[in-house]
Amino acid sequence: MLFGRKNLFSATDAFPLTDAVLEFDDSSSVAVRPGRRALDGFGPRGERSAQSKWWAVAGLIGLYALALLGFYALGVVGVQVLWVLAGLTAAGFAVFGALFRLGLHHKLRLRHLKLGIVVASISGMLGLFYLEPVTQILLAPFMFVAVAYGIFTVPRRTLLVLTAGVLCAYAAVAAAHYAEQGNDALLRLELMHLLALAVSVPAFIVLMGRVQRLYRSLYQASRKIKNIQEDAQRDTLLGCFNRRYILAALEEQKQLADESGIPLCLAVLDIDHFKRINDELGHLGGDEVLRTFARIAQQGVRGGDVFGRYGGEEFLLIFPATSLLPSLNTCERIRAQVESHAWTGLLKGRVTVSIGVTQYVLGESVLEFFSRADTAMYMAKEGGRNQVVVEEPIAKGDSQLSDLSIPSGHAFL
């Protein structure tokens with residue numbers, strides 16, 4: 001569900017609108033133009049993604065270490081190789097860990113981080129190859145693993161250049177082995193491994209380039225779809241939730257209240273004398289007043305509240321798991337902030353808002369719930385505007401406000 005209970009609706013077409021709410025919602029289905037959003041790795045989601053990448057790297061290093069332990073158990077490598085691997089691993093994690101702890105990874109692109117990890121991994125394997133020639137058996141398959149780790153983010157040309165450098169380094173290690181040992185059989189074996197790498201790794205990178213292009217196309221398409229879905233939930237003029245979304249949220253919270261019995265409140269907010277404001281400022285000025293009001297209201301609500309535009313100068317504010325008194329306090333805070341805001345000097349009068357708020361009665365329809373809040377808003381209008389009016393539920397026992405001796409229809413000026 002919404003508000004931390006389930007993920008947000010993936011698309012507006014998936015909103016669980018009942019027939020009653022569909023009658024209630026006469027909004028048009030005009031397509032919304034997606035906005036441009038900066039894609040970055042900040043926030044909890046970015047941190048979780050970074051942690052998952054570190055776990056992947058740790059897992060691959062663990063596999064390589066497990067293979068070396070097998071070689072050690074067979075007696076083909078010495079214990080010093082294991083100590084060198086442990087030292088290289090600790091140094092690598094210390095360097096990259098410092099980057100993350102200092103926040104420097106935010107200044108680097110993901111492909112640069114992955115390229116650094118790939119280079120560090122292959123360099124470490126080349127170092128172990130120099131110490132123990134037999135580890136070349138592991139170098140070939142784990143080089144494919146390292147390249148595959150960065151294949152979707154590191155450019156193909158960069159990987160090909162890296163491969164050329166690795167092949168040159170491999171040849172240099174083979175030459176060093178021959179200069180130190182003069183072993184013709186070892187040289188032939190290493191040259192065969194070098195030839196196999198020189199043929200297979202570039203071919204792998206080129207073939208995976210097609211998969212890389214497909215991956216990028218799918219990623220870009222998924223980002224566009226996500227942007228469209230997010231924009232479809234927002235009012236393009238004001239930035240708050242739109243009519244369709246706010247009604248879907250109201251329906252969902254009603255169902256949750258029916259299932260769990262938790263309280264639920266709804267407020268209807270209407271800007272006073274908006275026609276006069278439009279006449280004085282024109283439609284562009286009226287739009288600016290709406291934007292400013294929406295910003296003030298969204299700053300005044302709590303984290304779990306849902307604020308959206310119902311239509312024109314009328315807005316809805318849903319209070320999930322909230323009784324009347326806290327809802328009333330929030331509404332009064334918004335009313336006071338709107339009244340005290342320094343509006344444009346072109347206005348002949350001040351901008352105020354009339355608010356009606358009520359609490360949900362278990363089992364009633366969304367239309368009944370909304371109508372009661374709407375009635376309270378009109379009572380605020382008739383009572384002089386710029387006030388909050390509470391309309392108590394029909395079933396008095398369901399309202400926690402009655403315990404505070406606040407009568408139905410009371411106006412808070």
| field | Hits in the stretch 353-370 - residues which are buried (at least 16 other Cβ atoms within 10 Å of the Cβ) and among the hydroxyl-bearing types (Ser, Thr, Tyr) | value | Ser354, Thr358, Tyr360
| said: I need every pair where a residue in the stretch 266-281 that is farther than 23 Å from Thr375 by Cα and assigned by TED's automatic domain parsing to the domain that holds Gln387 has its Cβ under 8 Å from the Cβ of a residue that is part of a helix (DSSP H, G or I) and not hydroxyl-bearing (Ser, Thr, Tyr), sequence separation at least 6 or different chains. | reply: Ile277/Gly285; Ile277/Gly286; Ile277/Val289; Asn278/Gly285; Asn278/Gly286; Leu281/Glu288; Leu281/Val289
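I need the strands (runs of 3 or more DSSP E) fully contained in the stretch 289-371, keeping only those with at least 3 residues that are closer than 15 Å to Cys265 by Cβ and not assigned by TED's automatic domain parsing to the domain that holds Glu392.
none
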| said: I'm told Arg350 meets every condition in (1) free of Cβ contacts under 8 Å to residues at least 12 places away in the same chain; (2) more than 21 Å from Asp287 (Cβ to Cβ) except one. Can you identify the failing condition by its number? | reply: (2)
| Here are some conditions: (1) modelled with pLDDT of 85 or more; (2) hydrophobic (A, V, I, L, M, F, W, C); (3) under 21 Å from Thr158 (Cβ atoms). Leu186 meets all but one. Which one does it not meet? | (3)
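Only one residue in Tyr170, Tyr149, Tyr178 is more than 30 Å from Tyr310 (Cα to Cα), over 26 Å from the mean Cα position of the chain (by Cα), among the hydroxyl-bearing types (Ser, Thr, Tyr) and buried (at least 17 other Cβ atoms within 10 Å of the Cβ). Which one?
Tyr170
State which residue is nearest to Phe152 (Cα to Cα) when the search covers only the stretch 107-136 and only residues that are in contact with a His (Cβ under 8 Å, 6 or more places away or on another chain) and modelled with pLDDT of 85 or more. Break it down stepwise before answering.
Taking the stretch 107-136 as the starting set, the residues that turn out to be in contact with a His (Cβ under 8 Å, 6 or more places away or on another chain) are 113, 130, 133, 136.
Filter again for modelled with pLDDT of 85 or more, leaving 130, 133, 136.
Details: Tyr130: 30, Pro133: 31, Gln136: 26 Å.
Ranking the candidates gives Gln136 first.
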| request: Would you mind finding the one in Met125, Met208, Met192, Met143 that is over 27 Å from Trp83 (Cα atoms), in the same structural domain as Leu88 (by TED's automatic domain parsing), surrounded by 15 or more Cβ atoms within 10 Å (Cβ to Cβ) and among the aliphatic types (A, V, I, L, M)? | output: Met208
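The values are calculated or read from the model by the stated rules, or taken from the named source; none is laboratory data. For clarity, every value in this text was computed on a predicted model and none was experimentally measured. A quick note on method: Cβ atoms are made from the backbone with ideal geometry, for glycine too, and the neighbour counts reach across all protein chains shown.
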